[in-house]
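Structure record follows, encoded as structure tokens.
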RNA sequence: GGCGGGGUAGCUCAGGGGUUAGAGCAGUGGAAUCAUAAUCCAUGUGUCGGCAGUUCAAAUCUGCCCUCCGCUACCA
């Protein structure tokens, strides 16, 4: 069984700035990448930007910039976001990089070489609105009193034709359906799979894969009048990132096919229909899974510029802190579904789970050790049944957590961890070490040791979600860097007594509500 | 219109033919005081969207209805 793991986010279109949706996808993917690394996998995590196309060219022009300069500017924002969010990507790809031009041209040529009939020159025609600079399907148009078609916005349209290359997607209907059937886990969640299957079952039409009416793209091999159109270019980034077209290189052999493409639900068709078809045609292996996440609504409303409720990731970090934001998103957004961001709810969740439950557990434990054990982790005496019960619950929980994580059900993973944290807090109250201090100091030491060891476990388990805080706690306990892996959550690697700790300070400070702070 | 998925406690949701329908958060009462006014314990008379049916038994299956949402191809 392979211990390599290749995971990607979708590449972000640089037409706009990063918003909460981008941040969510990056964090979700990052959590999976970190989880796998902590579980002993050799992980490659790729993210990046999609920079070609008419829209970017136009936006650049509007801003009085050359396309490349405009892309440099926006791509930098996305790259900065990965830093801001503590995303552990191993590479950041931009579709304007040389390596990607090479790969994109190569896949085009591979398709032509392997299946010459799959690419053919024809013409793209349709109703074009000059005002909207876009094509419309007839069903979108309305017939005016003069008998001509108009866009919903009332703009006139004209029938235009443009030469372009087509990809023979129609030839892949049955192959794709068979692929979905043979690989039931390819599209997750199931509801999205149903949509795709029913879409494909209706039959596929060929799609245009080049354009001549703008230049901002990868030139088509042997026909420089054309640039490669959108998705063939964009999707190829996933193999560019592992060294394609050099399919003999270590990187490619190690990581392709990808284990998971994490994407938004709006672009499943491109990833679940087009991309597999392109790869089949080019005679390359297909990715193992496409995971489509939902969107984040804000106070129950769709995030949109016109409503004016678009949230920049930085807003949340300023309000809650980075780890808190990461935790919130992973905890509140159910697997593959839309999530809702509500400020009140966020305060509640973060305070309850992070400040009160885990943060306070760490604080109360370390404070007692600091004050009553000469600031050193005590050496325990024999464990009682209660002690073992708590520790074993932590040592034994991982297989279940892993099952949830493998399905990207991180809200369930967190639920599982926090259940045990609650048990640890209950254990503190039952054992009442503050009473033992007077009656039975030796027993108190054991209790505090058990708690410190429990905290070591929690800190490791929590690393994918709240890496900074997790490491901070592990630093306190002087846990060596190379022991911060899931396999170390076991009795075999339990804390040694005698480790000196510093005066504790809160890991997750309690958030004050705005009203109260003002 | 067609296909698909929902409508369960104040909120977010889990469950899914079988004893008194669950969790977290919020609320209420109590305990404790080590700790970040944190923690612990106790506490839910909910028409499980509506109506009808199948069944010894339905939140769980079937039909119809109401309602919300997604998909129904070449902007990405």
I'd like to verify a number: residues in segment A:31-83 that are assigned to a helix (DSSP H, G or I), touching a helix residue (DSSP H, G or I) at 6+ places or on another chain (Cβ under 8 Å) and away from RNA strand B (no atom under 16 Å from the Cβ), how many?
8
Please indicate, with yes or no, whether at least one residue in segment A:423-440 is loosely packed, with under 15 Cβ neighbours inside 10 Å, in contact (Cβ under 8 Å) with a residue 60 or more places away in the chain and touching a helix residue (DSSP H, G or I) at 6+ places or on another chain (Cβ under 9 Å).
yes
Residues in segment A:396-406: is at least one surrounded by fewer than 18 Cβ atoms within 10 Å (Cβ to Cβ), within 8 Å of RNA strand B (Cβ to nearest atom) and assigned to a helix (DSSP H, G or I)?
no
Quick check, is residue A:340 part of a strand (DSSP E or B), surrounded by fewer than 20 Cβ atoms within 10 Å (Cβ to Cβ) and touching a strand residue (DSSP E or B) at 6+ places or on another chain (Cβ under 8 Å)?
yes
Just one of the numbered conditions (1) within 11 Å of RNA strand B (Cβ to nearest atom); (2) over 22 Å from the mean Cα position of the chain (by Cα) is not true of residue A:224; which one?
(1)
Of these, A:282, A:258, A:234, which one is closer than 30 Å to residue A:463 by Cβ and either within 11 Å of RNA strand B (Cβ to nearest atom) or at pLDDT 95 or above (or both)?
A:258
Any chance segment A:492-509 includes a residue that's in contact (Cβ under 8 Å) with a residue 40 or more places away in the chain, over 22 Å from the mean Cα position of the chain (by Cα) and part of a helix (DSSP H, G or I)?
no
Among what's in segment A:305-317 and is without any contact (Cβ under 8 Å) to a residue 60 or more places away in the chain and in contact with a strand residue (DSSP E or B) (Cβ under 9 Å, 6 or more places away or on another chain), pick the residue that is nearest to residue A:332 (Cα to Cα).
A:309
Among all residue pairs at least 6 apart or on different chains, which show Cβ distances below 6 Å where the first residue, located in segment A:6-19, is within 14 Å of residue A:51 (Cβ to Cβ) and the second is in a strand (DSSP E or B)?
A:10/A:263; A:11/A:48; A:11/A:49; A:11/A:50; A:12/A:49; A:13/A:50; A:14/A:49
Output for segment A:351-390, where each listed residue is outside any helix (DSSP H, G or I), within 15 Å of RNA strand B (Cβ to nearest atom) and buried (at least 16 other Cβ atoms within 10 Å of the Cβ)
A:373, A:378
If a residue counts only when it is at positive phi and modelled with pLDDT of 75 or more, which strands (runs of 3 or more DSSP E) contained entirely in segment A:115-178 have at least 2 such residues?
none
What tally of residues in segment A:183-206 results from selecting those that are more than 6 Å from RNA strand B (Cβ to nearest atom) and under 26 Å from the mean Cα position of the chain (by Cα)?
12
Residues located in segment A:207-219, provided they are over 30 Å from the mean Cα position of the chain (by Cα) and either more than 15 Å from RNA strand B (Cβ to nearest atom) or not in a strand (DSSP E or B) (or both)
A:212, A:213, A:214, A:215, A:219
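If you check A:270, A:291, which single one turns out to be under 21 Å from the mean Cα position of the chain (by Cα), assigned to a helix (DSSP H, G or I) and either at pLDDT 90 or above or more than 10 Å from RNA strand B (Cβ to nearest atom) (or both)?
A:270
The values are calculated or read from the model by the stated rules, or taken from the named source; none is laboratory data. From a predicted model like this one, the values you see are computed outputs, not experimental measurements. Glycine gets a Cβ as well: all are built from the backbone with ideal geometry, and neighbour counts include every protein chain shown.
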